[in-house]
Structures are given as C-alpha cells and as structure tokens.
Amino acid sequence: MEKNMLKKDMLNKANQYAQNNKLNKRYKPIYHISPPIGWMNDPNGLCFFKGEYHAFFQYHPYESVWGPMHWGHAKSKDLINWEYLPVALAPDSECDEVGCFSGSAIEHDGKLFLIYTGVNRNERNQDMQTQCIAYSEDGINFKKIEQNPVLTAKDLPESCQKYSGEFRDPKVFIIEGTYYMVTVAKADDNKGQILMYKSNDLTNWEFVNIIYQNDKLGTMFECPDMFSLDGKDVMLMSPMFVPREAHRFHNLHSAVYVVGKLEDDSFKEEYHDEIDGGLDFYAPQTFFDGETRIMIGWLQSWGRTIPTHEMGHNWACSLSLPRELTLLDNKLIQRPVDFVCNYRKTQAKYTYQEVSGFKQFEYVKGDVCEIGLDVDVKNTNFFVINILKTDKEKASIIFNKEQGTLAFDRSAIKNTILGEEAIPVSSRYVPINLKDNKFSLNFFIDKCIVEIFVNGGEQVLSSTVYPEGEKAEIEFWADGVATLESLLCWQLRI
Ligand code: FRU
C-alpha cells in the first residue's frame, strides 16, 4: 500500500510539474518528439499497440539536464503527430529508486509490457542495474510486477563480474513463441558485449550466451537491438568511446549496425558501419509495425553543451524522424516514413535551374520544412547549400567532388556547441556515390534539427543546430555550374 502511494505521488508530481511550468519554444521541434518539459534521452519501448504507435523516452522533467530517469510517453496514429501522455514510469520502487533506465515494450496476453533497467544502490552505495517489468491493460497506466527484478548481477556470466553494475538496456522480441532479450554488460576486460536471455513468460529468464563482442568498438555498448531484415539478422548498438576511423566515429559515442546471422547462439558478423554520419544520433531502437521495421534515434550526442539548456529554455533534446529500414548488399538504407508527406502544406517546385556562384529561390526557405533535390555536378567541383541562413550565420551542406564527400558543417552558427571529444567536432562528412554525375538529397529542417537523407537513404546525416537569427534562408553555391534538375520545397505543418 505504502509503495503504491509513493508511486502515485511521483508520477503525479512529474505530470503536474510539466503542466504547471513554462518553457521557451523558440527551438522546439514541430514534427519531432521532444520533451513536454525538461530533459529527454533515448527512445524506449517503441511499439504498435492496439492500432496506435507508442514511443516512450528517457525523461527528467524537472531540469533540462539528465537526472533521475522516468519514462515519458507519447502516442500517435501516424508517427508524426504525437499526443503526449502521462509519465509511464517513475523511479519509485525499491529496484529502480535511482532511475528507470532504457528498455523496450512487447505485447503479451493482450497487455503492453515494458522491460526496463531498474537502477538502485547497494549496501556499499554502488549503483546496481537490474532488469524489471511493468505492464498495462490500457497502454497508459503501468503497474510494476511483484517479482521485480527479473534479472540481476547474479544472472551475469562469469566474465562480467567486475563491472556487475553495468548491465542494462533490455530489448525483448519473440521468435516462435519464445521471448528473447538482448542486453549489454561490461566484460571484465573493459569491453562491451551483447548478452542474450530467453523466457516463456517474460518473468523467468535463462541465460543463453554472450552473442557478440568486438574489440574495435569501444569500451561498453549501450541500447542493443536485434531483428531480421531482408533475409539477414541485424543488430544495432551504441558503443562508447570508439576510436576515430576515417570518416567514422567522430562523436564521443557512436551508433552502429552489424549485419550477419545469429547461429548457434552467436552472432556471425558480415559487415558493420556507423548508422548515421551526422553530429547527433545515438541510442536508436526499432520496432515492427506489421509491415515495416522502423527506427527512431535520440537526436543528440553525449558530452556536448546544449543551447536550450544554456539559455534557460527549460527543455533539451529530441528524437529523430521515424525511419523505415531496408538492407541493400548488407548496407542499411534509411528512409523517413511516408506519413511525413501528409504534413506538406505548400510546395515550391523548380526544374533545370543552373547554379553558378550564389543563388537563392524565392520560395525555398524555412525552418520547418522539407527540401528535395536532384543535382548534376558534372561541371562543378563544389556544390554548397547554406541553410538557416541570415546575414551573420549559416549551416552548410557541402559536396566536394575531389574528396567524393558530402559534409554537414555547423561551425558558422552563432550558438556554438562544445564537446568532450579530443578533436573538436563541428562538422562531419560521409562518402557519396554519384550516378551519372548526379546525386539526390532529401533534407528535413525542424527548428533545431537537420536530417539529411542522401541518395534515397544510402547515407544519413542528423544534427542539431541552433541559429540565433530567424530568417532561415536557403542559399545555393557552386564554383562551376551545378544543375538542379529538380528542386522541391515543402513547408510542413502539424
Ligand atoms: C544511453 C543510456 C543507456 C541508459 C540510459 C540512461 O544513452 O546511457 O545506456 O539506459 O541512457 O538514461
């Protein structure tokens, strides 16, 4: 009884705080998920339940910095227009008194189950991470089960005893009636690894194996995921402190996909790469809605200053657009979900426009918009698109033919962002494929978010950017002649 009272208080307190406090919406995204107030990080519990999409997220309503983790909650009929619901989980029980960390959702017996990491403190005052469960009949009000925690440090294999407090982020899925969980734990040799457990009832779990380790991928993994896609098995994970390798892994922590096959309780890798080549993309999670595998990531990097926090706007961070995933020759292809097209309000269209030096188009501008273009770069070495531009600042998308790269650069934006990386990072680039000297871009701007899809999702660069001015002009530049075979600009409105 006492426990339930406490729980009710913490959930109510969080909901009331969001209702009774104000935030500055200057940079608040319109068609991306962002916190009602305060801080958000990882997407959690993504699912399609009883005809609606649900997204939960790591949430600290009381400040625009990370703190004791709750699970915020939003639902949607189309993954773009979200309705924010009461907080789903608060750190209010013995096993999660320090925080309800990341996890996943799955339907079982017609109810929605959340499987999450409960953090508590042991007698030596060390944080311990265990796996816990809550469920809901209506998809809104959740009850933690009596048997919590369902997995503790005792369930870790022998090679993970030294850092037994690092055991988190359960992702549960079902194969032929058996539930499987992938989760991460730090090995005694200070390396990340993915563990697998199985269960028939979501409560009693049995250790299967350590299914993946990779010495080259940093010191610890976070937020694992696993699913089959176009005949292969795919794992996602967010490895910490991965050393730089050419254009890859420039952010403090990275998000990676691994393609291969799960065989004999072990993941046989064929290929891996970074998921997103931008400045801000981490801890993605996927779900299957009956037709498509959809991924959402946290649109932020750890270890960076965040302008909305520094300026006292009372909120920080957001999630990416939901992206449909497919595989092509072991490479992950990401495309924004089609639903976003339903929010295109006005369209500007230009065809066969030559850009030589600087050029602007009257109806191509905005900070809540989508731009699509096909460009022929046969007769130019550089092709640049300056966005969120005023007389004093701009962010740039830069094609460099000699290097064969496309970069996103926010270094000329007034509100600077600093990071903990040894080499400061204010721009990133990816290799770009030309077909007959052409490439295509689809990019989305939503106040402080820029997501660039290259060649139909072969590469994606996602970044935050907080321009001081509000003119949000878009300008093109080529040193030779670039031909915009088609240029489309839609203003997006919810
Ligand atoms: C990843 C992460 C997870 C953890 C959560 C805590 O961003 O560090 O590993 O569960 O955030 O908020």
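The values are calculated or read from the model by the stated rules, or taken from the named source; none is laboratory data. Predicted model only: the values in this text are computed from it and were never measured. Quick reminder, even Gly has a Cβ in these numbers, built from the backbone with ideal geometry, and neighbours come from all protein chains shown. Ligands, DNA and RNA are stripped out before the accessible areas are found, and what is left, the full protein with its side chains, is counted by its heavy atoms. Shrake-Rupley method; radii C 1.70, N 1.55, O 1.52, S 1.80 Å.
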Nearest 20 debye, what's the magnitude of the dipole of segment 251-353 about its Cα centre given +1 on Lys and Arg Cβ and -1 on Asp and Glu Cβ? 680 debye
Round to the nearest 0.05 the FRET efficiency obtained for Glu485 and Ala412 when R0 = 30 Å and r is the Cβ-Cβ distance. 0.60
Just check segment 216-314 against the gyration tensor rule for me: Cα atoms, a ≥ b ≥ c as the square roots of the eigenvalues, rounded for a/c under 1.5, and otherwise prolate or oblate depending on whether a/b exceeds b/c. oblate
Of every hundred units of 1.4 Å-probe accessible area on segment 340-492, the number belonging to carbon and sulfur atoms, as a percent, is 45 percent
Which of Ala18, Val98, Phe142 sits closest to the plus end of the dipole of the chain, meaning its Cα is farthest towards the positive end, when Lys and Arg get +1 and Asp and Glu get -1 on the C-beta? Ala18
Placing +1 on each Lys and Arg Cβ and -1 on each Asp and Glu Cβ in segment 340-492, then taking the dipole about the Cα centre, the residue among Leu418, Leu434, Ile371 whose Cα reaches farthest towards the positive end is Ile371
Between segment 443-494 and segment 356-370, what is the separation of their alpha carbon centroids in Å? 9 Å
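Around Leu418, under 13 Å between beta carbons, what's the net of Lys plus Arg minus Asp minus Glu among the other residues?
Details: positive: Arg304, Arg410; negative: Glu310, Glu420, Glu421.
Here the count lands on -1.
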Given the C-alpha centroids of segment 100-128 and segment 305-352, what is the distance between them in whole angstrom? 29 Å
Please work out whether segment 3-145 counts as rounded, prolate or oblate from its C-alpha gyration tensor, where a ≥ b ≥ c are the square roots of the eigenvalues and a/c under 1.5 means rounded, while otherwise a/b larger than b/c means prolate and anything else oblate? oblate
So for segment 340-492, what percent of the C-alpha to C-alpha distances run longer than 27 Å? 17 percent
Excluding Glu263 itself, what net charge comes from residues whose Cβ is under 13 Å from its Cβ, given Lys and Arg +1 and Asp and Glu -1? -2
Quick check for you: with a 1.4 Å probe and neighbouring chains kept, what is the accessible area per residue of the chain, in Å²? 41 Å²
Distance cut-off 31 Å, Cα to Cα: go down the list Lys359/Lys435; Lys345/Lys394; Lys22/Lys191 and report the pairs above it. Lys22/Lys191
Could you tell me what percent of the accessible area of segment 149-225 is made up of carbon and sulfur, with a 1.4 Å probe and every protein chain present? 42 percent
Two pseudo-spin positions, 7 Å from Cα along C-beta at Thr390 and at Tyr163, lie apart in nanometres by 4.4 nm
I need the trypsin sites (Lys or Arg not before Pro) found in segment 316-408, filtered to DSSP loop residues with at most 13 other beta carbons within 10 Å of theirs. Lys392
Specify which residue in the list His247, Leu327, His313 is farthest towards the positive end of the charge dipole of segment 242-334, using unit charges on the beta carbon of Lys, Arg (+1) and Asp, Glu (-1), about the Cα centre. His313
C-alpha long axis of helix 2-20 to longest principal axis of the chain, angle in °: 20 degrees
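Considering only protein heavy atoms and a 1.4 Å probe, what is the carbon-and-sulfur percentage of the accessible area of segment 1-145?
Exposed carbon and sulfur together represent 49 percent of the surface.
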Quick one, what does Rg over Rh come out to for the chain if you take C-alpha atoms and the Kirkwood Rh? 0.97
Charge dipole magnitude, Cβ of K and R +1, D and E -1 - the chain, Cα centre, debye nearest 20: 1320 debye
Once you keep just the Cα pairs under 8 angstrom separated by 6 or more residues, what percentage relative contact order results for the chain? 13 percent
In the structure shown, do any of Lys77/Lys232; Lys75/Lys198; Lys25/Lys143; Lys186/Lys268; Lys261/Lys447 have a Cα-Cα gap over 31 Å, and if so which? Lys25/Lys143; Lys261/Lys447
When only DSSP loop residues count, what trypsin sites (Lys or Arg not before Pro) in segment 161-252 have their Cβ near at most 12 other Cβ atoms within 10 Å? Lys162, Lys216
Taking the Cα of Ser440, stepping 7 Å toward and past its beta carbon, and measuring to each backbone N in segment 460-494: which are under 19 Å? 460-461, 483-491
Using 0.36 nm times the number of residues separating Phe358 and Asp109, minus their current alpha carbon distance, what extension gain do you get? 83.6 nm
